[in-house]
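Peer 1: Quick one: the structure is below, and I'll ask about it shortly.
The values are calculated or read from the model by the stated rules, or taken from the named source; none is laboratory data. Keep in mind that this is a model prediction, so the values were computed, not measured. So basically every Cβ, Gly included, is an ideal-geometry build from the backbone, and we count neighbours across all protein chains shown.
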Amino acid sequence: MSVDSIPANREFAKQIGITFPVLSDFKRTVVKDYGVFNEEQGFGNRATFLIDKEGIIRHIDEGNVAIDPTTVVEACNVLQRKKASQ
Amino acid sequence: MYKRLLTSLMLLAVFGVAALAQQTAPPKTHLKVGDKAPDFTLRATDGKTYKLSDFKGQKNVVLAIYVLAFTGG
């Protein structure tokens with residue numbers, strides 16, 4: 001997800017070969033709700049949130065650490081393992 | 001002349017470190033692990049509209065926010 005328009009995200013996704021849908025928060029409401037809106041620059045700062053099936057946040061990566069998906073993938077695995085053991 | 005050059009270099013170093021600090025300092029969200037994720041409804045590149053709460057009881061969701069299209073990372 002980014003604050004770019006849908007056509008911009010569509011072109012960007014095509015260029016880098018993304019096949020999953022990319023969300024557009026053009027009105028900046030979600031980046032504000034999630035506390036990552038950069039007022040000076042007008043965009044959402046880089047962040048990754050893992051939200052479980054009950055809608056609860058289970059993991060947060062912010063800033064440059066969010067470039068590397070390793071920690072959020074591990075958090076996903078933990079959630080999956082919990083589910084499997086239940 | 002040499003002194004002026006040295007001052008310029010030092011200033012450059014200070015600004016460089018400040019810029020680096022700004023780049024690496026993570027922005028702080030008010031949200032915490034264990035909080036309820038704010039619901040949202042957004043349109044996507046596939047033309048569909050996605051609502052977070054529609055996934056409740058169905059799937060875990062990874063919400064990845066990137067800075068801007070056509071930029072790295």
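Peer 1: When you look at A:VAL22, is it in contact with an Asp or Glu (Cβ under 9 Å, 6 or more places away or on another chain), at the interface with another protein chain (Cβ under 7 Å from one of its Cβ atoms) and crowded, with 21+ Cβ neighbours inside 10 Å, yes or no?
Peer 2: Details: in contact with an Asp or Glu (Cβ under 9 Å, 6 or more places away or on another chain): yes; at the interface with another protein chain (Cβ under 7 Å from one of its Cβ atoms): yes; crowded, with 21+ Cβ neighbours inside 10 Å: yes.
So A:VAL22 fits the description; yes.
Peer 1: State yes or no: is A:VAL72 among the β-branched types (Val, Ile, Thr), in a helix (DSSP H, G or I) and buried (at least 18 other Cβ atoms within 10 Å of the Cβ)?
Peer 2: Values: among the β-branched types (Val, Ile, Thr): yes; in a helix (DSSP H, G or I): yes; buried (at least 18 other Cβ atoms within 10 Å of the Cβ): yes.
Against the criterion (among the β-branched types (Val, Ile, Thr), in a helix (DSSP H, G or I) and buried (at least 18 other Cβ atoms within 10 Å of the Cβ)), A:VAL72 qualifies.
Peer 1: From the set of residues in the range B:47-67 that are loosely packed, with under 15 Cβ neighbours inside 10 Å and part of a loop (DSSP other than H, G, I, E, B), which is farthest from the other protein chains (Cβ to nearest Cβ)?
Peer 2: Once the filter is applied, the top-ranked residue is B:GLY47.
Peer 1: While we're on this one: Any idea which residue in the range A:17-30 is farthest from B:LEU68 (Cα to Cα), counting only those that are among the aliphatic types (A, V, I, L, M), out of contact with any helix residue (DSSP H, G or I) (no Cβ under 7 Å at 6 or more places or on another chain) and at pLDDT 90 or above?
Peer 2: From the range A:17-30, those among the aliphatic types (A, V, I, L, M) are A:18, A:22-23, A:30; that's our starting set.
With the extra rule that they be out of contact with any helix residue (DSSP H, G or I) (no Cβ under 7 Å at 6 or more places or on another chain), the set shrinks to A:18, A:23, A:30.
In the following step, the residues that additionally are at pLDDT 90 or above were identified as A:23, A:30.
Values: A:LEU23: 12, A:VAL30: 15 Å.
Looking at residues that are among the aliphatic types (A, V, I, L, M), out of contact with any helix residue (DSSP H, G or I) (no Cβ under 7 Å at 6 or more places or on another chain) and at pLDDT 90 or above, I get A:VAL30.
Peer 1: In addition: When the range A:34-44 is examined, which residues are found to be more than 13 Å from the chain's Cα centre (by Cα), outside any loop (DSSP other than H, G, I, E, B) and either touching a residue at least 40 places away in the same chain (Cβ under 8 Å) or over 14 Å from B:LEU68 (Cβ atoms) (or both)?
Peer 2: Within the range A:34-44, just A:PHE43 meets the criteria.
Peer 1: If A:ILE51 passes every condition in (1) out of contact with any strand residue (DSSP E or B) (no Cβ under 8 Å at 6 or more places or on another chain); (2) of a type in the set (A, V, I, L, M, F, W, C); (3) surrounded by 17 or more Cβ atoms within 10 Å (Cβ to Cβ) but one, which one does it miss?
Peer 2: Only one criterion is unmet by A:ILE51, namely (1).
Peer 1: For A:LYS53, state whether it is more than 8 Å from chain B (Cβ to nearest Cβ), modelled with pLDDT of 90 or more and within 21 Å of B:PHE40 (Cα to Cα).
Peer 2: Details: more than 8 Å from chain B (Cβ to nearest Cβ): no; modelled with pLDDT of 90 or more: yes; within 21 Å of B:PHE40 (Cα to Cα): yes.
Considered against the rule, which asks whether it is more than 8 Å from chain B (Cβ to nearest Cβ), modelled with pLDDT of 90 or more and within 21 Å of B:PHE40 (Cα to Cα), A:LYS53 comes out as no.
Peer 1: Conditions: (1) in a helix (DSSP H, G or I); (2) under 20 Å from B:PHE55 (Cα atoms). A:PRO21 meets all but one. Number of the miss?
Peer 2: Condition (1) is where A:PRO21 drops out.
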